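Okay, structure first, notes after.
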Amino acid sequence: MNTIQTYIQDNKKRFLNELIELLKIPSVSADSAYKKDVLLTADFVLSSLKKAGCDNVEMCETPGYPIIYGEKIIDSKLPTVLVYGHYDVQPADPIELWTSPPFEPVIKNTDIHPEGAIFARGACDDKGQMYMHVKALEYMTSTGNLPCNVKFMIEGEEEVGSESLAWFVPKNKEKLANDVILISDTGMIANDIPSITTGLRGLSYVEVEITGPNRDLHSGLYGGAVANPINILTKMIASLHDEDNHITIPGFYDNVEELSKEERKEMSKAPFSLDKYKGALKINAVHGEKGYTTNERNSIRPTLDVNGIWGGYTGEGAKTVIASKAFAKISMRLVPNQNWKNITDLFKKHFESIAPKSVTVKVTPHHGGQGYVTPIDNIAYKAASKAYETSFGKTPIPQRSGGSIPIVALFEQELKSKTILMGFGLDSDAIHSPNEHFGIWNYLKGIETIPYFYKYFTKMHLDK
Ligand code: BES
Ligand code: MN
Ligand code: MN
């Protein structure tokens, strides 16, 4: 065993227990009822960075939740890695579908994680993955194995759009100056098929409100004679896709980058079983845009999905009513080159234009962000690839993901540096869903792989 493996073996129990303590704090950024807990989590991150050997650890106040910054600068001639992660988590609802309480972490075995997985909200997204970096740093500082400078920037609003970070980054360019940004907030294909995420989709998130009559009406007295906002809304939403599942908003695909035949062929080499995919989700068939494979549909193609829809009577029993209003929350996943603000405008214009005279429409944009593609011909990718080869014994496969980390495009714009996405979660880890978990093997493998990245990146940077 080499030094990192020995270190992990010797400290495994403590690494797990510390993560469990972090997972006990319900840092739900979307719900103000958890404000105190989000702030307690910031304190936890702050002190863990100090303990791991960071200098100048600060709680950076923002208009929203604080950003935790820390650094270890050993030599200005050496490269600097900026680690980004988030300490906030998604709401745990629907809570009744959890097999153990979301903020009482427990270790259970699963088919995919025979060595156990920690079940808790945030286990994989992103507390577990963020904390791997803290423990990797602890190893490097305490054993004299830190080969370069490092900065940490951990935020508490990723799950609600990173508004405060977008405010913070342009103001602190010098402080955040770096040679590469390192993030573990994505996944990989499987424990025996390591992969590096090379793309993230952009996002435009909007809310729509359809108003019909000025009050809820008796559905017998008025039904058939006035517009029912729920009927209208669902019809409008249905019209946003055609029979081939293309999105019908004019101009929506204008800037979508079409991949070449060669690139698509390269993509299709990634191991994938449609039967396993369907089996894991208990669906009889997949669904999506005509002319594209499942892996293409969920990575290189843009989408439009209703995330929530409500209106009228949804309580027990039946109430005969035509609601005055109907609502929906809609997300559009975008691909690089699609401008999210432009897409939001196109959506708004189109949605307003397709409403019949009998109702009024209000479209309220929420948050959004640009997609991102990471290069695979730079030293960051090469160093990461070599790091996985060392710890997994296999060359990782580059793979574009369907998820979004909108702040990554802003990092590039403001800090002029590229990001490398070394994610160790699996799709089956149920992030954002009930029973989220993170494999213990994955957690420890991440801690093992990260120091190799530092080592190879530094070497390649100095050899450049
Ligand atoms: N970590 C995820 C994004 C992710 C997960 C990317 C897996 C790739 C693979 C992140 O925390 C997240 O949930 N992002 C949101 C967007 C945000 C603006 C709320 C998303 O993708 O829905
Ligand atoms: Mn995340
Ligand atoms: Mn998330």
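No lab work stands behind these numbers, since they all come straight from the coordinates. Just so it is clear, the structure is predicted and the values come from calculations on it, not from any experiment. Ideal geometry is used to build each Cβ from the backbone, glycine not excepted, and the neighbour counts take in all protein chains shown.
A straight chain from Ile74 to Asn214 at 0.36 nm per residue would run longer than the Cα-Cα distance by 43.8 nm.
Every helix of 4 or more DSSP H residues in the chain counts as -39500 (n - 2.57), and over all residues that averages to -10500 deg cm²/dmol at 222 nm. From least to most packed, judged by other beta carbons within 10 angstrom and beginning with the fewest, Cys148, Cys124, Cys60 follow the order Cys60, Cys148, Cys124. Mind checking the log10 I(q)/I(0) for the stretch 93-222 at q = 0.22 Å⁻¹? Debye, one equal scatterer per Cα, no solvent, two decimals. Log10 of I(q)/I(0), two decimals: -1.51.
Length available on full extension from His366 to Met59: 0.36 nm per residue minus the Cα-Cα distance, which gives 107.8 nm. Using only side-chain charges placed at the Cβ, +1 for Lys and Arg and -1 for Asp and Glu, the dipole size of the chain relative to its Cα centre rounds to 360 debye.
In whole percent, what relative contact order does the chain give with Cα contacts below 8 Å and a gap of six or more residues?
RCO, the chain: 25 percent.
Contact order for the stretch 1-118, expressed relative to its length and based on alpha carbon pairs under 8 Å spaced 6+ residues apart, stands at 23 percent. A cut-off of 5 Å between modelled amide H atoms, ignoring neighbours fewer than 5 places along the same chain, links Met188 with Gly425, Leu426, Asp427. From least to most packed, judged by other beta carbons within 10 angstrom and beginning with the fewest, Ile397, Ile447 follow the order Ile397, Ile447.
Reported to the nearest whole Å, the Cα centre-to-centre distance from the stretch 188-210 to the stretch 103-119 is 24.
Can you give the FRET efficiency for Ser358 and Tyr292, using 1/(1 + (r/R0)^6), R0 = 51 Å, r = Cβ-Cβ distance, to the nearest 0.05?
On the way: r = 37 Å, r/R0 = 0.72.
Result of the calculation: an efficiency of 0.90.
The 3J(HN,Hα) values that the Karplus relation (6.51, -1.76, 1.60; θ = phi - 60°) gives for the stretch 251-268 are, in residue order, x, 4, 8, 3, 9, 5, 7, 8, 6, 6, 3, 5, 5, 5, 5, 4, 4, 6 Hz. Gly and Pro appear as x.
Find the percent of Cα-Cα distances in the chain that exceed 28 Å, and round it to a whole number.
55
Label-to-label distance for Ser268 and Lys416 is 4.1 nm, based on points extended 7 Å past Cα in the beta-carbon direction. With unit charges on the beta carbons (Lys and Arg positive, Asp and Glu negative) and the dipole taken about the Cα centre of the stretch 1-158, which residue among Phe152, Pro63, Gln9 sits farthest to the positive side? It is Gln9, whose Cα lies furthest towards the positive end. Rounded to 0.05, the FRET efficiency of the Glu316 and Asn342 pair, given R0 = 41 Å and the Cβ-Cβ distance, is 0.40.
Against the chain, whose longest principal axis comes from its Cα atoms, helix 340-353 is set at around 10 degrees. As a proxy for reagent exposure, ranking Arg201, Arg215, Arg333, Arg297 by other Cβ atoms within 10 Å from fewest up yields Arg215, Arg297, Arg333, Arg201.
In terms of its C-alpha gyration tensor, the stretch 34-158 comes out oblate, because a/c is 1.5 or above while a/b does not outweigh b/c.
Under 5 Å between amide hydrogens, built in the peptide plane, is the criterion, and for Val57 it picks out Glu71 among residues at least 5 positions away or on other chains. Take every pair of alpha-carbon atoms less than 8 Å apart whose residues are at least six positions apart; their mean separation over the length of the stretch 301-401 yields a relative contact order of 21 percent. Under a model in which nothing but the beta-carbon of Lys, Arg (+1) and Asp, Glu (-1) is charged, the stretch 377-440 shows a dipole of about 280 debye around its Cα centre.
The H on the amide N of Asp216, modeled in the peptide plane, is under 5 Å from the matching H of Ser324, each at least 5 residues off or on a different chain. Reducing the stretch 51-81 and the stretch 316-339 to their Cα centroids gives an inter-centroid distance of 41 Å.
The calculated FRET efficiency for the pair Ser260 and Ile376, based on their C-beta separation and a Förster distance of 22 Å, comes to about 0.90.
Tell me, what does the Kirkwood hydrodynamic radius of the stretch 270-330 come to in angstroms if you use every pair of distinct C-alpha atoms?
Working: mean 1/r = 0.0658 Å⁻¹.
Radius from the Kirkwood sum: 15.2 Å.
Converting phi to 3J(HN,Hα) with the Karplus coefficients 6.51, -1.76 and 1.60 and the offset θ = phi - 60°, the stretch 184-195 yields 10, 8, 9, x, 9, 5, 6, 5, 9, 10, x, 9 Hz in sequence order, with x at every glycine or proline. A simple rule links phi to the HN-Hα coupling: the Karplus curve 6.51 cos²θ - 1.76 cosθ + 1.60 with θ = phi - 60°, which for the stretch 416-423 gives 6, 10, 8, 10, 10, 9, 9, x Hz, with x for Gly and Pro.
Once both labels are positioned 7 Å from their Cα atoms along Cα-to-Cβ, the gap between Leu281 and Ser324 label points is 3.9 nm.
Note on the chain: dipole from Cβ charges, positive end direction compared against Tyr388, Leu221, Ala326; the farthest Cα belongs to Tyr388. Sparse packing (at most 14 other Cβ atoms within 10 Å of the Cβ) combined with a DSSP loop state is found for the following GluC sites (Glu not before Pro) in the stretch 237-309: Glu243, Glu257, Glu258.
About the centre of its Cα atoms, the stretch 338-464 shows a dipole size close to 300 debye [charges on the beta carbon of Lys, Arg (+1) and Asp, Glu (-1) only; nearest 20 debye]. Projected onto their three principal axes, the Cα atoms of the stretch 315-371 cover extents of 47, 29, 14 Å, largest first.
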